[in-house]
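Structure, as structure tokens:
The values are calculated or read from the model by the stated rules, or taken from the named source; none is laboratory data. Since this is a predicted model, take the numbers as computed values, not measurements. Ideal geometry is used to build each Cβ from the backbone, glycine not excepted, and the neighbour counts take in all protein chains shown. Just so you know, the surface numbers come from the protein's heavy atoms only, side chains and all, with ligands and any DNA or RNA stripped out. Shrake-Rupley method; radii C 1.70, N 1.55, O 1.52, S 1.80 Å.
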Amino acid sequence: LIPNYHLAVTRDLGADPDAQDWAHSVHKYEAACRVTAQILAGEYGIGDMADALSPQPEQAHREGDSVLLSFSCVGDGLYTADGGAAVTGFSFDGAEGALIPAAAEIVAPDRVRISIPDDADTAKLHYCLINIATLAEANLCGNDLPVGAFTAEIQ
């Protein structure tokens with residue numbers, strides 16, 4: 001691992017996915033504020049790193065036909081960007097490398113329960129594992145920031 005490495009998630013600041021340069025946000029100031037908060041907290045002790053980071057996946061445990069995933073750095077709790085109950089963006093590996101989307105819901109301020117679809121490989125759980133992930137495709141947020149893409153090993 002790389003020491004003192006952090007990721008400032010900015011996919012909520014991106015341009016329209018149909019734009020020629022969708023990956024590079026025109027919202028530079030907002031992106032810079034996120035990076036600056038992490039640098040100040042991590043390098044200079046100004047502020048709290050837990051307030052500067054997007055929610056971080058901690059543990060994924062299988063419980064019957066679902067996976068319970070816990071997060072740190074959630075601020076006042078996890079929520080969906082659209083205010084709805086359904087969490088979008090989770091998937092499992094399927095046959096021949098295909099991803100199988102999975103239904104999910106927030107069950108506690110720092111926990112999400114993900115249903116395991118039929119024929120899913122349950123060794124790993126993915127979030128936001130697509131090329132262009134807007135908040136419609138992956139809507140989980142916390143700490144006033146979107147959750148970044150990740151793959152978690154299921155215990």
key: strands (runs of 3 or more DSSP E) (entirely within region 109-155) containing at least 2 residues that are under 11 Å from the mean Cα position of the chain (by Cα)   = 121-127, 140-142, 150-153
message = If I filter region 108-127 for residues that are at pLDDT 95 or above and under 14 Å from ARG11 (Cα atoms), do I get at least one hit?
response = yes
inquiry  = As an exercise: evaluate GLU63 against (1) under 16 Å from GLN155 (Cβ atoms); (2) in contact with a strand residue (DSSP E or B) (Cβ under 6 Å, 6 or more places away or on another chain); (3) of a type in the set (D, E, K, R); (4) without any contact (Cβ under 8 Å) to a residue 60 or more places away in the chain and give the number of the one condition it does not meet.
reply    = (2)
remark   = Only one of ALA60, ALA50 is open to solvent by less than 60 Å² (accessible area, probe 1.4 Å) and part of a strand (DSSP E or B), namely ALA60
message = Given the condition loosely packed, with under 14 Cβ neighbours inside 10 Å, at pLDDT 95 or above and not hydroxyl-bearing (Ser, Thr, Tyr), answer yes or no: does some residue in region 67-77 qualify?
response = yes
query = Among the residues of region 120-132, is any under 18 Å from ALA85 (Cα atoms), open to solvent by 30 Å² or more (accessible area, probe 1.4 Å) and in contact with a Leu (Cβ under 8 Å, 6 or more places away or on another chain)?
reply = no
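Within region 93-112, track down each residue that is of a type outside the set (Gly, Ala, Ser) and surrounded by fewer than 17 Cβ atoms within 10 Å (Cβ to Cβ). It would help to see each step written out before you state the result.
Applying the first criterion (of a type outside the set (Gly, Ala, Ser)) to region 93-112 yields 93, 96, 99-101, 105-107, 109-112.
Passing the criteria: GLU96, LEU99, PRO101, GLU105, VAL107, PRO109.
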Hey, GLY84 open to solvent by 40 Å² or more (accessible area, probe 1.4 Å), farther than 17 Å from ALA152 by Cβ and not aromatic (Phe, Trp, Tyr) or not = no
ask   = Restricting region 16-48 to residues that are modelled with pLDDT of 95 or more and under 21 Å from TYR127 (Cβ atoms), which is nearest to the chain's Cα centre (by Cα)?
value = ARG34
